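Have a look at the structure below before the remarks.
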Amino acid sequence: MHRGLATAVAAFADLDGVDAVLDVATGTGLVLRALRDRGFTGAMAGVDLSPRMIDEARRHLPDADLRVADATRLPLDDDSFALVTCVTGLQLFPHPVDAIAEWARVLRPGGRAITATFLAVDPSRHRAAPPSAHSDHRPFDSVERLGETVAPVGFAVGRTTTWVDGEDELLIAELTRRD
């Protein structure tokens, strides 16, 4: 599921004018690898809390800036990226709005973020991770709720699409900064 979703997110991304991408909760770097496979040649960075995941990502992305870091305290400069991605990570963060605020800080003016979040989650049938790994999906499980969640930190929901894998349905959304 995760490889297919990473490919879908990379295909959804508008890379016109994008020279630097940050992937938050990068795991093994699947989204960055999918962007590279699509032909992206700009700077790539990724952060994840898991040292093991970052080590695996480094094996596949030796030229990327990959760091073990908390999504709510990114060790990156202001206005550094044209695009931030976060795929199936928001529901795992104890303070997701703080993480989204960090995206606004590291994005350049006019920068965008792309999220992929589960729609209408029933944790008892969720295939991507054990139910104990999930917190609250509700702030991201529809276009309307995602919009309400990101608005206080300066984003608006732009383009969206859905992606389906078996019983899992995900919302892929582009967030634009309201500069």
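Per residue, the chain exposes 46 Å² of solvent-accessible protein surface, assessed with a 1.4 angstrom probe and all protein chains in place.
For the range 58-120, applying the loop criterion from DSSP together with a ceiling of 13 other beta carbons within 10 Å to the trypsin sites (Lys or Arg not before Pro) yields ARG73. Atom-type composition of the exposed protein surface of the range 1-132 places 51 percent of the accessible area on carbon and sulfur (1.4 angstrom probe). Largest first, the three principal axis extents of the alpha carbons in the range 4-102 are 33, 27, 25 Å in whole numbers. Computed from backbone phi, the HN-Hα couplings of the range 72-88 come to 8, 9, 5, x, 9, 6, 4, 6, 9, 10, 8, 8, 10, 10, 8, 10, 6 Hz, rounded to whole numbers (Karplus: 6.51 cos²θ - 1.76 cosθ + 1.60, θ = phi - 60°; Gly and Pro given as x).
Once the range 52-99 is represented by equal point scatterers at the alpha-carbon sites, with solvent omitted, what log10 I(q)/I(0) does the Debye formula produce at q = 0.13, 0.16, 0.28 Å⁻¹? The computed values of log10 I(q)/I(0) come out as -0.36, -0.56, -1.29. Full extension of the chain segment joining ARG105 with ALA11 gains 31.3 nm, where the gain is 0.36 nm per residue of separation less the Cα-Cα distance. Under the shape rule built on the C-alpha gyration tensor, where the axes satisfy a ≥ b ≥ c, the chain is rounded, since a/c falls short of 1.5. Amide H contacts under 5 Å for ARG159: GLU174, restricted to partners 5 or more places along the chain or on a different chain, H placed in the peptide plane at 1.01 Å from N.
Placing +1 on the Cβ of every Lys and Arg and -1 on the Cβ of every Asp and Glu, with nothing else charged, gives the chain a dipole about its Cα centre of roughly 220 debye.
Dividing the helix sum by the residues of the chain, where each DSSP H run of 4 or more adds -39500 (n - 2.57), gives a mean residue ellipticity at 222 nm of -8000 deg cm²/dmol. By DSSP, the beta bridges lying fully in the chain are antiparallel in about 45 percent of cases.
Divide the volume of the convex hull around the Cα atoms of the range 23-75 by the residue count and you get 61 Å³ per residue. Model label sites at THR160 and ASP55, defined 7 Å from Cα along the beta-carbon direction, differ in position by 4.0 nm. Solvent-accessible area of MET1, all protein chains in place: 60 Å² (probe radius 1.4 Å, heavy atoms, ligands and nucleic acids excluded).
The values are calculated or read from the model by the stated rules, or taken from the named source; none is laboratory data. Fair warning: this is a prediction, and the values are worked out from it, not measured in the lab. Cβ atoms come from the backbone with ideal geometry, glycine included; neighbour counts cover every protein chain shown. Side chains included, ligands, DNA and RNA excluded: accessible areas come from the protein's heavy atoms. Shrake-Rupley method; radii C 1.70, N 1.55, O 1.52, S 1.80 Å.
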